[in-house]
Structures are given as structure tokens and as C-alpha cells.
1. Taking amide H positions as placed 1.01 Å from N in the peptide plane, with prolines and chain starts having none, which residues 5 or more places from Val66, or on another chain, fall under 5 Å of its amide H?
2. Any idea what angle helix 2-23 forms with the longest principal axis of the chain, computed on alpha-carbon atoms, 0 to 90 degrees, nearest 10?
3. Enter the Cα centre distance for the pair the stretch 119-133 and the stretch 44-83, rounded to the nearest angstrom.
4. Please compute P(r) over all alpha-carbon pairs of the stretch 2-128, binned at 5 Å starting from zero, and give each bin as a whole-number percent.
5. I want to make sure I understand the PRE zone here: with the label point 7 angstrom from the Cα of Arg100 toward its beta carbon, which residues in the stretch 67-94 have backbone N atoms less than 11 Å away?
6. For a test of understanding, tell me how many lysine pairs in the chain have Cα atoms under 30 Å apart, given they are 8 or more places apart or on different chains.
7. Scan the stretch 1-78 for GluC sites (Glu not before Pro) in coil per DSSP, keeping those whose Cβ has at most 13 other Cβ atoms within 10 Å, and list them by number.
8. Ranked by Cβ crowding within 10 angstrom, fewest neighbours first, how are Leu29, Leu18, Leu68 ordered?
Amino acid sequence: MIDMQIRSRQLSRLKQELIQLRDSPVHDLAVFLSNRPLVKGSVYPLRRKCFKPSCRCARGALHETVVLTASIEGKTRLWTIPEDRIPAVRLQTEAYRRFRRARAVYIQEATHRQEKMLRLIDAILQIRTQQQS
Ligand SMILES: [Zn+2]
């Protein structure tokens, strides 16, 4: 029967797609597998006045310190970064952002893959189901 042949071809195509999806790598895991320390937050220079009335900052030459700010458990926290640690902390915050971006991409890809697999599984179910008439 022609109908049977068509269904059988459809079925083998769907099964192939399903296997291909299962075997395709979801994401490059390098970002997750690295041992690099990650620091949450942003690094930026903060200019402010101190409280000495005779200080140069009272005439507009503000003190500049480089700080790290991050939201920890809903609260914004601020740390002064020692001069010699600034480049390292900056790199670590960039690494943290890269990790978060990679995580978002992973979720998107995994969800997309799962949806596609589910559509194939449902199509296979439909073709293979032979209701009694
Ligand atoms: Zn001052």
C-alpha cells in the first residue's frame, strides 16, 4: 500500500532527526569547565569628597578610588579595590559576565532542542498510533 510506504518513510525520517538531535552537542562547555575565579559585580572609579574642609577635594579635586559594586542577596554592596588588584578584579568580573551569558545561551539552546525533540516524538506517536475503527 502506498499510504503505508509514505508513513514508513516519514517515520524513519522522524526517527533519524530525533537521534541527530539527541547526539548534537548542546553547547561548548569550556566556560563552565574552567577553574578561573569569577567575581560578580562591576568595577568603576568613584570620585568623592572627604570631610576635611581644608582638603583639595573641597576645591573640586575629588578623591578617586576604584570600587567594585555588586548586588548580594538583594543589597547593593561596595568594596574599594586596592590599586594592585584592579586589573585582576576587572578580568574576573568580565569572566563572571561571560559565564552568565553562556548560561543564558545554554538555557536557550537546551530549551529549543527539547521543544524540537518533543515535536518529533509527538509526530512519531501520531504516525504509529493505529486506532481501531
Ligand atoms: Zn579630601
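Quick note: the coordinates plus some simple rules give every number you see, no bench work behind them. The structure displayed is predicted, hence computed values, not measured ones. Cβ placement follows ideal geometry from the backbone for every residue including glycine, while neighbour counts extend to all protein chains displayed.
1. Amide H to amide H, under 5 Å and 5 or more residues apart or across chains, Val66 pairs with Leu46, Ile81.
2. The angle comes out at about 30 degrees.
3. When both Cα centres are located, 66 Å separates them.
4. 2, 9, 11, 11, 10, 9, 8, 6, 6, 6, 5, 4, 4, 3, 2, 2, 1, 0, 0, 0
5. 70-72, 93-94
6. Total qualifying Lys-Lys pairs in the chain comes to 5.
7. Answer in residue order: Glu73.
8. Going from least to most buried by this count: Leu29, Leu18, Leu68.
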